[in-house]
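This report concerns only the one structure given below.
None of the figures in this text is laboratory data; all of them are computed from the coordinates on show. Keep in mind it's a predicted model, so treat the numbers as computed, not measured. Neighbour counts run over all protein chains shown; Cβ positions are idealised from the backbone, glycine included.
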Ligand code: BGC
């Protein structure tokens, strides 16, 4: 089975058709910069251009960096507030034609990692964290997703952890890798207290610099940084999978 996967990020919107059985991209991924301001109609126009580029009209899975329930956007931390209450699935469907599934970006990346990447075959509690503009999370138990977990908004020292330890904060504040890794270690320790996970997977923009922070990272739990081949594609692949196997009905690994 094939589906189109599209990953909507703060700087770029990327897509490709995906074989959801193997997780392979069926064509080179196509990227268009995210329109600024990233208002719903402007983003939907870009989504349409990506579908057109592949001459595509079947099912599509699309990620969005917010809480998504039944296609509707419920939060807007790092996106324009006008998205709140928008039926994104309906908006995108009206632009691409075929059936559309919209899913949280980290949940989509997690689905891809559990099926084709670092989490493959891993049972127990697995937590994927993406460090980029914000911090995204996906929690799995025995391969099954608990959607919309939003662990980037847990507060540490009175502040959302994504305001202390995202990749953007590291860059904006010029934090040393040691200092940043210390903040991430505090965060992992806190998540260990809450969830007793069996594995953390670290993804997002920061994962291609693992040699800089891994030496400073401490955790009781095993930590894997997402493998290189998945870094730019996890969202696309996971979204395409969820277009075929809607939320909650993804076969367990
Ligand atoms: C949002 C999440 C999103 C994460 C990563 C957070 O600010 O609340 O929904 O998954 O950023 O993009």
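Numerical summary
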{"read-out": "Relative packing of 53-59, 38-44, which averages over residues the other C-beta atoms within 10 Å, highest first", "value": "38-44, 53-59"}
{"read-out": "Residue-averaged [θ]222 nm for the chain, counting only DSSP H segments that reach four residues, each worth -39500 (n - 2.57)", "value": "-9500 deg cm²/dmol"}
{"read-out": "Rounded to whole Å, sorted largest first: equivalent-ellipsoid semi-axes of the stretch 148-253, Cα gyration tensor", "value": "25, 17, 14"}
{"read-out": "Exposure proxy ranking, count of Cβ atoms within 10 Å, fewest first, for 230, 1", "value": "1, 230"}
{"read-out": "The chain, relative contact order in percent, only Cα pairs under 8 angstrom and at least six apart counted", "value": "23 percent"}
{"read-out": "Relative contact order (%) - criterion: Cα under 8 Å, at least six apart; region: the stretch 140-253", "value": "29 percent"}
{"read-out": "Potential lengthening between residue 28 and residue 211 on full extension [0.36 nm per residue; Cα-Cα distance subtracted]", "value": "63.1 nm"}
{"read-out": "Tilt relative to the chain, helix 234-244 - C-alpha long axis, 0 to 90 degrees, to 10", "value": "50 degrees"}
{"read-out": "On Cα atoms only, tilt of 105-116 relative to the major axis of the chain in degrees", "value": "90 degrees"}
{"read-out": "Whether the stretch 87-201 is rounded, prolate or oblate, judged on the alpha carbon gyration tensor where a/c under 1.5 counts as rounded", "value": "oblate"}
{"read-out": "Fraction of antiparallel bridges per DSSP, the chain only, in percent to nearest 5", "value": "60 percent"}
{"read-out": "Exposure proxy ranking, count of Cβ atoms within 10 Å, fewest first, for 180, 83", "value": "83, 180"}
{"read-out": "Debye-sum result for the chain in log10 I(q)/I(0), which assumes one identical scatterer on each alpha carbon, at q = 0.13, 0.15 Å⁻¹", "value": "-0.75, -1.00"}
{"read-out": "Packing-based exposure ordering (other Cβ within 10 Å, fewest first) of 140, 200", "value": "200, 140"}
{"read-out": "Degrees between helix 177-195 axis and first principal axis of the chain (Cα, 0 to 90, nearest 10)", "value": "80 degrees"}
{"read-out": "Extension gain, residue 54 back to residue 36 (0.36 nm per residue minus Cα-Cα distance, nm)", "value": "4.1 nm"}
{"read-out": "DSSP beta bridges in the stretch 121-229 [antiparallel fraction, %, rounded to 5]", "value": "55 percent"}
{"read-out": "Ordering of 84-95, 186-197, 125-136 by burial proxy (mean other Cβ atoms within 10 Å per residue, highest first)", "value": "125-136, 84-95, 186-197"}
